[in-house]
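Data block below; observations after.
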Amino acid sequence: MDYQDTLTYLYNSTPMFQQVGGSAYKEGLENTLALDEHFGHPHRKFRTIHVAGTNGKGSCSHTIAAILQEAGYSVGLYTSPHLVDFRERIRVNGQPIPEEYVIRFVEEERCFFEPLHPSFFELTTAMAFRYFADVEIDVAVIEVGLGGRLDCTNIIHPDLCIITNISLDHTQFLGNTLPQIAREKAGIIKSDIPVVIGETTPETKAVFQKRAGEVNAPIYFAEENGREDYPGIEYELKGLYQKKNSRTILTALPLLKEAGYRLDEQSVRRGFAHVTELTGLMGRWQKLQNHPILICDTGHNVGGITYIVEQLKQQAFHNLHIIIGMVNDKDIQGVLALLPEDAIYYFTQASVKRALPANDLQKLAESAGLKGNCYPDVPSAVRAAQEKSLPEDFIFVGGSSFIVADLLANRDALNLH
């Protein structure tokens, strides 16, 4: 098999949440533990940092990885979903896992894993841990896939746990109240391992305090961190919500130093200032065009869209054009209720099975007072917005990670850079 054949095999033979949603979700760690034993417990061969949360965990994971790279560590980074290429999920010092490694892993190990019928995420987590051990990294920043307590990344014994925030998402698996979701995320808190909580409400804070107390884990709330250790620091990631992510990271850094990490001021400043270059991060308030400005962002639930709408209010423009698509298992009406009525909308759908048809989204949007036309795919919606926009207008593309993925996959054809 070549690389594309291997990806086709993975997508078709292991259920992929990114494509099909709930049917790919497997509760429990039996497959993960079997894979881990088969590969010789590779996650024990390097240090780890575990990052969970509803929003912001990707930005936090990438920024921490960038800081550690600047400090001279060999850093693994495991995140999801990918936007353009599967290999984005598994990186070392910003470089994606080689195609040849993916091919060889599947060819050599399929006789073992096929009888297990693992999910896509279970198998790719095992691949990531094995790869990190094989190339002898120093430390890996591991992003939780979904939830925490039963997530297959939750077999690691990290130096630090981070939970960025809690909002309503994946309620069919994690619960439909904030305390229920917080309990699932709090499942990554481990005995005697410090945990940083980025953002709380009174009801979620109590959940985290209870869990930390049960396992004697030192707990730190970033909202209570009034320290200014790096005055004038430059943040490359410009989204409004990145201020809270940055405070979470700055709360975590002294704890990493206490755990023995060498982190000087220059490494911290350079890591924050060069996250995308160092790690390959995409899709966080990412500018792809000027005159008119075109911004994309992967925020896709009520919590994420709330910050995006606030950010849009701070922009100067003549007309606002919003290209939006969503997947069918999100709080669609909750998101639509937040969006500005005075924007021009381009309703579209991503190239995944979970995508809500553009016509259905348009009908729901009209009931929320939002007006616009339908487009069969992201490139056609973007071209329409480009044609209708003045140089002083503003185009926003989002609503789903998969909308941003389709945009980035077609950026050359759309003359976006």
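Restricting to DSSP loop positions (anything but H, G, I, E, B) with no more than 15 other Cβ atoms inside 10 Å of their own Cβ, which GluC sites (Glu not before Pro) remain in the range 296-381?
Numbers: sites: GLU310, GLU341, GLU366; in loops: GLU341.
Here the GluC sites (Glu not before Pro) that fit, given the DSSP loop and packing criteria, are GLU341.
Please compute the alpha carbon radius of gyration of the range 323-417, then divide it by the globular-protein estimate 2.2 N^0.38 Å. Two decimals is fine. Before the final figure, lay out each step's value.
Working: Rg = 12.5 Å, N = 95, 2.2 N^0.38 = 12.4 Å.
In units of the 2.2 N^0.38 Å rule of thumb, it is 1.01.
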Convert 10 °C to kelvin, take the viscosity as 1.306 mPa s, use the Kirkwood radius over C-alpha pairs of the range 186-301 as Rh, and evaluate the Stokes-Einstein diffusion coefficient in µm²/s, rounded to a whole number. 98 µm²/s
Can you work out the PRE-style zone for GLU277? Point 7 Å along Cα to Cβ, and I want the residues of the range 224-251 with backbone N under 16 Å. 234-238
Counting only Cα, what are the radius of gyration and maximum Cα-Cα distance Dmax of the range 129-245, in Å? 15.5, 44
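Considering only Cα-Cα distances, which of the following residue pairs are longer than 21 Å: LYS238/LYS363; LYS353/LYS388; LYS238/LYS388; LYS287/LYS313; LYS185/LYS238; LYS330/LYS363? Before the final figure, lay out each step's value.
Details: LYS238/LYS363 33 Å; LYS353/LYS388 29 Å; LYS238/LYS388 27 Å; LYS287/LYS313 16 Å; LYS185/LYS238 26 Å; LYS330/LYS363 16 Å.
From LYS238/LYS363; LYS353/LYS388; LYS238/LYS388; LYS287/LYS313; LYS185/LYS238; LYS330/LYS363, over 21 Å: LYS238/LYS363; LYS353/LYS388; LYS238/LYS388; LYS185/LYS238.
Can you tell me what percent of all Cα-Cα pairs in the range 279-335 are more than 12 Å apart?
Numbers: 1154 of 1596 pairs.
Beyond 12 Å sits 72 percent of the P(r) for the range 279-335.
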Looking at the range 192-289, which trypsin sites (Lys or Arg not before Pro) are DSSP coil and have at most 14 other C-beta atoms within 10 Å of their C-beta? ARG227, LYS238, ARG262
Just to confirm the filter: which GluC sites (Glu not before Pro) across the range 205-295 are DSSP coil and have at most 13 other Cβ within 10 angstrom of their Cβ? GLU228, GLU234
How far apart, in nm, are the 7 Å Cα→Cβ label points at HIS318 and ARG383? 2.3 nm
Within a Gaussian network of the chain (alpha carbon springs, distance under 10 Å), most fluctuating of ALA52, ALA65, ALA358: ALA358
With equal scatterers on the alpha carbons only and no solvent term, can you work out the Debye log10 of I(q)/I(0) for the range 39-187 at 0.10, 0.15, 0.16, 0.20 1/Å? -0.34, -0.77, -0.87, -1.28
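At 4 °C and 1.567 mPa s, grab the translational diffusion coefficient of the range 25-127 from Stokes-Einstein with a Kirkwood Rh over Cα pairs, rounded to a whole number in µm² per second.
Answer from the Stokes-Einstein relation: 86 µm²/s.
Residues of the chain: accessible area per residue at 1.4 Å, in Å²? Don't skip to the answer; put the middle values down first.
On the way: 16900 Å² over 417 residues.
Averaged over the residues of the chain, the accessible area is 41 Å².
Give, to the nearest whole percent, the P(r) tail of the range 197-257 beyond 15 angstrom, counting all Cα pairs. Present the calculation step by step, with values, prior to reporting the outcome.
Details: 1043 of 1830 pairs.
Of all Cα-Cα pairs in the range 197-257, 57 percent lie more than 15 Å apart.
When the helices in the chain are scored as -39500 (n - 2.57) per DSSP H run of 4 or longer and the sum is shared across all residues, what 222 nm value do you end up with, to the nearest 500 deg cm²/dmol?
Only helices count here, giving -12000 deg cm²/dmol.
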Per residue and in cubic angstrom, what volume does the convex hull of the Cα atoms of the range 233-355 have? 151 Å³
Two-site FRET efficiency, ALA206 against THR8, from Cβ-Cβ distance with R₀ of 45 Å, rounded to 0.05: 0.45
So how much slack lies between ASP229 and GLN95, counting 0.36 nm per residue of separation and subtracting their Cα-Cα distance, in nm? 45.2 nm
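In the range 320-376, how does Rg compare with the Kirkwood Rh, expressed as the Rg/Rh ratio over alpha carbon atoms?
Details: Rg = 10.2 Å, Rh = 11.1 Å.
Rg divided by Rh gives 0.92.
When only Cα pairs under 8 Å and 6 or more residues apart are kept, what is the percent relative contact order across the chain? Present the calculation step by step, with values, prior to reporting the outcome.
On the way: 810 pairs, mean separation 72.9, N = 417.
Relative contact order here is 17 percent.
Ignoring ligands, DNA and RNA, what percent of the 1.4 Å accessible area of the range 286-414 is carbon and sulfur? Provide the component values of the computation, followed by the final result.
Details: 2610 of 5310 Å².
Of the solvent-accessible surface of the range 286-414, carbon and sulfur hold 49 percent.
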Surface/4 estimate of mean projected area, convex hull on alpha-carbon atoms of the chain, nm²: 19.2 nm²
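The values are calculated or read from the model by the stated rules, or taken from the named source; none is laboratory data. Not measured: the values here are computed from a predicted model. Because the Cβ atoms are built from the backbone with ideal geometry, glycine has one as well, and the counts that use them run over all protein chains shown. Heavy atoms of the whole protein, side chains included, go into the accessibility calculation; ligands, DNA and RNA do not. Shrake-Rupley method; radii C 1.70, N 1.55, O 1.52, S 1.80 Å.
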